[in-house]
Structures are given as C-alpha cells and as structure tokens.
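Below is one structure, written out as structure tokens; the observations come after it.
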Amino acid sequence: MKKKVLFCATVDYHFKAFHLPYFRWFQEQGWEVHTAANGQLELPYVDQSHSIPIQRSPFHLQNRLAYMDLKKLLDKEHYHFIHCHTPMGSVLGRLAAKSTRKKGTKVLYTAHGFHFWKGAPLQNWLLYYPIERWLIRYTDVLITINGEDYERADRLSKERASVHYIPGMGVDMKRFSPAEDKEKQRLRTKYGLTPQDFIVLCAGELNGNKNQGMLIKACAQLYRKIPNVKIVFAGEGTSRPFYEKLVRQLNLEQHVQFAGFCKQIEEWMHLSDVCVSTSRREGLGMNLLEAMSAEKPVIATENRGHCELVKHGVNGFLVKPQDVNGLADYLKQLYHKKDQLHLMGKAGRSIAHAFAQEQTVNAMEEIYTTYMDQAEKVMQHA
C-alpha cells in the first residue's frame, strides 16, 4: 500500500497560499498527497482533492456534515499522516481522526495563530481555549509559528503532544526579491500610478480582524500634507463594502484604491514605497514578510506575530492598535526621510532571511521524517 498524507483546512486556497512546497516534497518521497477542504481548486502536486463543506463559523450547521464526510474519508483511505490547518479544519480533522489515530495514523496540527492570546477578548478565551485544551489529546504533533504560541502550546500539551516551533510558513525570497527603480516605474505605469505617488500597500483579506479602517482614517490625516499619497488595498473580503463607504464618507476616493485579489502580489510590493498591516490578531504576518523580502519598510500594529518581525526603528515601526495618529505620523516620517525608508527596507530583507521558505521547509521535513518510520503501523491495521 502506498503511503498517503492528507492535508485538511477550511478552504482549499489556504493550500495554494502556503503548502505547495510540502506537497511537492511528499511526492518526491514517494507519497500520495490528498487534500480535504471547501473548494474546487486544481492544485499541483496533489493526487486527490476532496471537497468537504467545512465552514469558518464553529456554529454553522454544515460543519456536522463536514465531520461525517471527513470521517468516511479517513476510514476509507487509511492515511499515514493527517496534517490539519486553520481553526475549523483542525477541529473537524482531529475529531474525525480519533478512530484511525488508534490504528497508527499520526495527526499533526499547525496553529497559524491561536485565537486566544495575551490581551485577547475574554470571549476568545472562553470559547477557543477549552476547545484546544480538549483537542490536544487527539494531536500527536502541535506546530506553532511564533514564540508566544509555542510557550502556550508547550504548557497546554503537558507532554500529550510533541510541540514544535517553525519560522512561519516561509517567504519566497526569490519571488519577492527587490526590484530595480526602472522596473518599479514600469509597474506603476502598468497600474495607472505615477512616479511621484507615495504608495502605501496593505495586502490581505478585507475583514474586521485585519482592521483596514485604521489605515483609511490615517489617510484622512495625511492627504492634506501629502497630496500624492495613495493607499492601495490588495485583497477581497466581506468588509470591502464597509471600507468603500468609509472612503466615500471621508472624501478619499482620489487617495484610496481597492485593487481586489491580486495574483501577482509581488508586483504591487515592488511598486510600493511602504507596506502596512493593521491586524488586531496575527500569527506571524506573511504580507509583512513579503514586503520585507522586497526591501520595503513596514509599519504594523503591535501583536504577537508582528512583534516577531518588526524591530521598531530598524526595519519599520510598531504602533498601538487603533493609534491612527501614530500610524499617520510614521508614514509622514518615511515620506520625508527617504534615506531612512531605504535603510529600513534593507534591514527588513536581512531579517526576512530567517523566515525564508527554505528554512521552513527544512524544519517541516525534519518533523515529518521523525514520524515516517512509524507510518507502517497504518499499513498493518489497514
């Protein structure tokens, strides 16, 4: 029987964004790669994709059907590894694997940022912490991507699961290598922007957690002093209509652009001057890592993920959540101090090397390899 691995997540785009290098690695080792998630994407390095109606909300009724579908799939396929990602993907995946785990299947879970963290709302602790504390008993390996989560997972585990830290999901340093000035201007022309524009990029899903309204309000303070400022939001999401309305209310239509989902996000990174992330919660912050790799200074709100990437005053600045004035002030500072902007960009790429895709893939290969010898147990019970 060929050895099989299943990657489970809420939506299949998560795999496209973060996991293709791992799919390829498993296939190179002779493994069959399966995915289980909501969606119909055709992904490279995948032998079989299984569409499972997993929903983000833990209260959605379809998650019961998703659990039943997952359990049937696991009982049928006899996977050697199951690697769970995203909150609901990990909850349903680990619950569905309870019986097959007894036969030797190894269950791994990567926490891309626990929903309970230092300073999180009480409701998060009351809902998500007990769930994770309960599910740890059905987890063989728990992988974290920031220091705070690693320490909490280690205490949570109490040796029931093996806890590991990896440096994020890995940034492609080649794809996001710095662009020459000539290329930067070419891209600006392509997207209808001018060499004189001061372009602030904010990449990511448009939702309440990403908190893009903070940047829009900062722009309302900026445009009178920096009339050539342009805020570009690269991403889609449920909050887009709300943010578009806010832009109209503040008369910022000439200064804020919604670029939508951008397949070639590296082009937007290259043409920008500064990159901003205003998230309330972040496991690490892939958008910041990509910007740092492209030698862009970054301004970010203080949270556990951002604080691992941004060295205040070195490769960018950290601001308190909702500190609109502070965000606007740092943007003005970088606009007027081009030398500082340039030096911070250089420092950012230097820091990003520690989070390069090669580093993360190597770390995950070590974890996977540790359990590969134990995979034979599944074959014996199949």
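The values are calculated or read from the model by the stated rules, or taken from the named source; none is laboratory data. These numbers were taken from a predicted model, which means no experiment stands behind them. Glycine gets a Cβ as well: all are built from the backbone with ideal geometry, and neighbour counts include every protein chain shown.
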TODO: Would you confirm whether any residue within region 139-154 is part of a loop (DSSP other than H, G, I, E, B), closer than 24 Å to residue 120 by Cα and either among the charged types (D, E, K, R) or in the same structural domain as residue 328 (by TED's automatic domain parsing) (or both)?
DONE: no
Open item on the list: Condition check: of a type outside the set (D, E, K, R) and crowded, with 20+ Cβ neighbours inside 10 Å. Does residue 26 satisfy that?
Closed with: yes
Task: Among (1) over 30 Å from residue 195 (Cβ atoms); (2) surrounded by fewer than 15 Cβ atoms within 10 Å (Cβ to Cβ); (3) under 22 Å from the mean Cα position of the chain (by Cα), the one test that residue 369 misses - done: (3)
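Which of the residues belonging to region 181-206 are in contact with a helix residue (DSSP H, G or I) (Cβ under 9 Å, 6 or more places away or on another chain) and assigned to a loop (DSSP other than H, G, I, E, B)? Spell out the reasoning first.
Taking region 181-206 and keeping what is in contact with a helix residue (DSSP H, G or I) (Cβ under 9 Å, 6 or more places away or on another chain), we get 183-188, 190-191, 193-195, 197-204, 206.
Listed by number, the residues that qualify are 191, 193, 194, 195, 197, 204, 206.
Give the residue, chosen from 101, 64, that is assigned to a helix (DSSP H, G or I), without any contact (Cβ under 8 Å) to a residue 60 or more places away in the chain, under 29 Å from residue 124 (Cα atoms) and touching a strand residue (DSSP E or B) at 6+ places or on another chain (Cβ under 9 Å).
Details: 64 fails: touching a strand residue (DSSP E or B) at 6+ places or on another chain (Cβ under 9 Å).
Matching residue, one of 101, 64: 101.
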- [ ] Filter region 226-282 down to the residues that are hydroxyl-bearing (Ser, Thr, Tyr) and not in a helix (DSSP H, G or I), then identify the one that is modelled with the lowest pLDDT.
- [x] 238
Task: Restricting region 2-27 to residues that are hydroxyl-bearing (Ser, Thr, Tyr) and assigned to a helix (DSSP H, G or I), the residue that is modelled with the highest pLDDT - done: 22
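Scan region 162-171 and tell me whether some residue there is over 30 Å from residue 254 (Cβ atoms) and over 21 Å from the mean Cα position of the chain (by Cα).
Step one: list which residues in region 162-171 are over 30 Å from residue 254 (Cβ atoms), which gives 162-171.
When the remaining residues are screened for being over 21 Å from the mean Cα position of the chain (by Cα), the result is 162.
Yes, the conditions are met somewhere in region 162-171.
Given the criterion buried (at least 22 other Cβ atoms within 10 Å of the Cβ) and closer than 18 Å to residue 112 by Cα, identify the matching residue among 327, 284.
Unique residue meeting the criteria: 284.
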Task: residue 287 being assigned by TED's automatic domain parsing to the domain that holds residue 229, in contact with a Phe, Trp or Tyr (Cβ under 8 Å, 6 or more places away or on another chain) and of a type in the set (S, T, N, Q) - done: no
